[in-house]
1. Output ³J(HN,Hα) for the stretch 75-80: one whole-Hz value per residue in order, computed from phi by the Karplus curve 6.51 cos²θ - 1.76 cosθ + 1.60 with θ = phi - 60°, and x for Gly and Pro.
2. Please identify, among Ala20, Ala83, Ala47, the residue showing maximal mean-square fluctuation in a Gaussian network model of the chain using a 10 angstrom Cα cutoff.
3. Leaving ligands and nucleic acids out of the surface, order Val46, Val1, Val71, Val21 by accessible area at 1.4 Å, largest first.
4. Which percent, nearest 5, of DSSP beta bridges in the chain are antiparallel?
5. If you wrap a convex hull around the C-alpha atoms of the stretch 1-48 and split its volume per residue, what is the figure in Å³?
6. Per q in 0.11, 0.14, 0.18 1/Å, what log10 I(q)/I(0) does a Debye calculation on the alpha-carbon atoms of the stretch 1-90 return?
7. Expressed as a rounded percentage, what relative contact order does the chain have, with Cα pairs under 8 Å and six or more residues apart?
8. Could you state the principal axis extents of the C-alpha atoms in the stretch 56-100, from the largest down, to the nearest angstrom?
Amino acid sequence: VLVDIRTRGEWQRTGLAEPAVAISMHEAGFVRNLATALGGNRTGAVALICATGGRSSHLQRILATAGFTNVIDVSEGMIGSSAGPGWLRRGLPIKAWKPN
């Protein structure tokens, strides 16, 4: 499961990676919502994407202490970093974010 952990404003500006689930790390209930997205399976693979890989890397360590055992950091992020050009510049598919 690919999870976009950015803010609602960021989702609005750039859209989401096509397969991503939007669960902002900045909103209450993040860990609970993430566990729900994984069907309660904290050993399931989950990839985190943010803008540049900074927040996803930080959150990867935090989630390990919360019992998530297979967390992957998408280090390029949506807009790129020293790890690479990012989802958008690579021309990978995106979808519009629609508030619930």
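The values are calculated or read from the model by the stated rules, or taken from the named source; none is laboratory data. Keep in mind the model is a prediction, meaning the values are calculated, not measured. Don't worry about glycine lacking a Cβ; one is built from the backbone with ideal geometry, like all the others, and counts go over all protein chains shown. Keep in mind that these areas ignore ligands, DNA and RNA; they rest on the heavy atoms of the full protein, side chains included. Shrake-Rupley method; radii C 1.70, N 1.55, O 1.52, S 1.80 Å.
1. 5, 6, x, 6, 10, x
2. Of Ala20, Ala83, Ala47, the most mobile in the Gaussian network model is Ala83.
3. Values: Val46 0, Val1 80, Val71 20, Val21 55 Å².
Final ranking, largest accessible area leading: Val1, Val21, Val71, Val46.
4. Of all bridge pairs located within the chain, approximately 25 percent are antiparallel.
5. Working: hull volume 2.9 nm³, N = 48.
Convex hull of Cα atoms, per residue: 61 Å³.
6. Reported log10 I(q)/I(0), two decimals: -0.26, -0.43, -0.71.
7. Working: 178 pairs, mean separation 29.0, N = 100.
Relative contact order comes out at 29 percent.
8. 33, 33, 14
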